[in-house]
Amino acid sequence: MIDAQVSATDRAQAAGPCLTCMAAMALIIVAVVASFAHLGIDFRALVAGDSLRLMLKFITEFFPPDVSGAFLAKTAWAALQTLAVSALGTLLAVVAGAALALPAAGRLGTVARQGARLVLNLLRSVPELVWAALMVLAAGLGPFAGLLALALHTSGVFGRLFAEALENAPREPERALHDAGSGAIAAFVYGSLPLVMPQWLAYMLYRWEMNIRMAAVLGFVGAGGLGQMLYFHLSLFQQAQAATVLGAMCVLVVLVDALSSRWRRGLAPAYA
């Protein structure tokens, strides 16, 4: 075994450097240099004396944050709205993604597989902000538009992830149940679903963390929650109130991240 590894290393060294790797690296460097040249970014202006002074002045305007009782209550309500939008959007996406994952994994034939994958590609190719802008036009301003935007985009993500998990799962338990006389649904539920469910749950929790952040951003296009509050106060140059909203966003993300990480660690033995 050791001799085989040594001989493989010797052959790799004798073959010389990887020309393909070098060419790819050269293309990346050329693309980066061309991008900077095309954009014409002036980094000297960023660190100039006036720029640094203005940035420091802008940052200091956020302190101290507005911690009045009335505004904190308003911020807490917006945080709950953001949390509800992310949770409901993720839940709807789980249902739609699971429904599309079955045909996307080839369980219903080749035609259904190609059609489902096309739908999933369309759903996740449109960013959440674009979906939110469209949903605001369709459903009006408010959290419902944000919920629909998250559900549409995340359905495409879940469908792809769930389908890949199904494709990689062994089919022997499901075939054994089917050969023993079980129906197709019962064989899937008791044969394949237990194998992929821990991975599906991990995907759900991780994506919920991401949707918390995105739900806060969607408010910039009128989808409610903390994002809408932040956009409103920044538009009026009320940095103290904006600082409070930013703090609420950070607290919400940290709490959900800690809770989700703990749940995912609890799922870890299921992968063994």
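Of the residues ALA223, ALA216, the single one that is touching a residue at least 12 places away in the same chain (Cβ under 8 Å), assigned by TED's automatic domain parsing to the domain that holds GLY106 and more than 30 Å from LEU118 (Cβ to Cβ) is ALA216. Just one of the listed residues (ALA93, ALA73, ALA132) is exposed (fewer than 13 other Cβ atoms within 10 Å of the Cβ) and either at pLDDT 85 or above or outside any helix (DSSP H, G or I) (or both), and it is ALA73. Figure legend. Inter-residue proximity from region 88-101: first residues over 11 Å from TRP208 (Cβ atoms), second residues among the hydroxyl-bearing types (Ser, Thr, Tyr), beta-carbon distance below 6 Å, spacing 6+ or different chains. Indicated pairs: ALA96/SER155; GLY97/SER155. The set of residues from region 172-195 being surrounded by 14 or more Cβ atoms within 10 Å (Cβ to Cβ) and not charged (D, E, K, R) comprises PRO173, LEU177, HIS178, SER182, ALA187, PHE188, VAL189, GLY191, SER192, LEU193, LEU195.
The values are calculated or read from the model by the stated rules, or taken from the named source; none is laboratory data. Every value quoted in this text rests on a predicted model; they were computed, and no experiment measured them. In this analysis, Cβ positions are derived from the backbone assuming ideal geometry, glycine residues included, and neighbour counts consider all displayed protein chains.
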